[in-house]
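First up is the structure itself, then whatever we jot down about it.
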Amino acid sequence: MKRKEFRIYGSGGQGVITLGHLIGSAALLDGCEVAMTEEYSPQITGGWSSADLVISDEEIDYPLVRNPDYLLALNQEGFDSNIARMRKGSAVLVDSELVDSSDAPGNGKSGEMSHAIIMGVSARKIAVSLGTPNSGNVAMFGFLSRISGIPTKKSCMESIKKRFPKRAEENVKAFEKGYDAGGKFE
């Protein structure tokens, strides 16, 4: 695997930074090099939050995301502010309950070529259905793992168990549901 870049964007309180840490720690377990940067608005809840990761099997010479291979948009602002930056062949994973991607280029608009592949999962809905409304980010983690193969499922499970030792079982269930949802895009 060569250098892969990930951008996660959502609202404060959605676990965006935690999701970045989960992805990064699982990639480390897979033997990859990882660099992560995080940003957030001064608002604790409701403001924006983002995490950028670079994952590579080689030494990372530049730690910032230039051209994301994957965008995980957990809110509309994250989608709207990043979709134009996505290059052809990149993947945009959205929480379909929170993001309307119907006006994106290539989604049925005549004369426009799709530049990114947009896939949706109802991550928040999965979390609520499991009785764990705060695990939507973990459902998105599962979805990403299935779609990208980065990090591997085995390392993701280990990362979840280390991060949430007292709530591992419920978070593994959310991950599994998200992972299963990704199967429809294979």
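Readers should treat all values here as calculations from the given coordinates under stated rules, not as data from a laboratory. Only a predicted model underlies this, so the values are computations on that prediction, with no experimental measurement involved. Ideal geometry is used to build each Cβ from the backbone, glycine not excepted, and the neighbour counts take in all protein chains shown.
What the table shows:
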item	result
Above-threshold pairs, the threshold being 20 Å between Cα atoms, out of Lys125/Lys154; Lys125/Lys177; Lys2/Lys162; Lys2/Lys88; Lys2/Lys177	Lys125/Lys154; Lys2/Lys162; Lys2/Lys177
Label point distance in nm, Arg66-Arg87, each placed 7 Å from Cα along Cα→Cβ	0.8 nm
Per-q log10 I(q)/I(0), the chain, q = 0.09, 0.16, 0.17 Å⁻¹ (Debye; single scatterer per alpha-carbon; no solvent)	-0.28, -0.94, -1.07
Between the range 138-186 and the range 1-79, the alpha-carbon center distance in angstrom	16 Å
Cβ-defined net charge surrounding Phe79, 15 Å radius [Lys, Arg +1; Asp, Glu -1]	-3
Farthest toward positive dipole pole in the chain [+1 Lys/Arg, -1 Asp/Glu at C-beta], among Ile117, Ser145, Tyr9	Ser145
Check: the range 4-185 dipole with +1 on Lys, Arg Cβ and -1 on Asp, Glu Cβ, in debye	580 debye
Histogram of C-alpha separations across the range 10-52, 5 Å bin width, %	5, 26, 27, 17, 12, 8, 4, 0
Max mean-square fluctuation residue, GNM over the chain, Cα-Cα springs under 10 Å, options Asp69, Asp57, Asp95	Asp57
J(HN,Hα) series, the range 85-100, from Karplus relation 6.51 cos²θ - 1.76 cosθ + 1.60, nearest Hz, glycine and proline x	7, 6, 8, 4, x, 6, 10, 10, 9, 10, 7, 5, 7, 10, 10, 9
Unit charges at the beta carbon, dipole of the range 4-185: most positive-side option, Ser49, Val94, Met36	Val94
Ordering of 80-87, 157-164 by packing [mean C-beta count within 10 Å, highest first]	157-164, 80-87
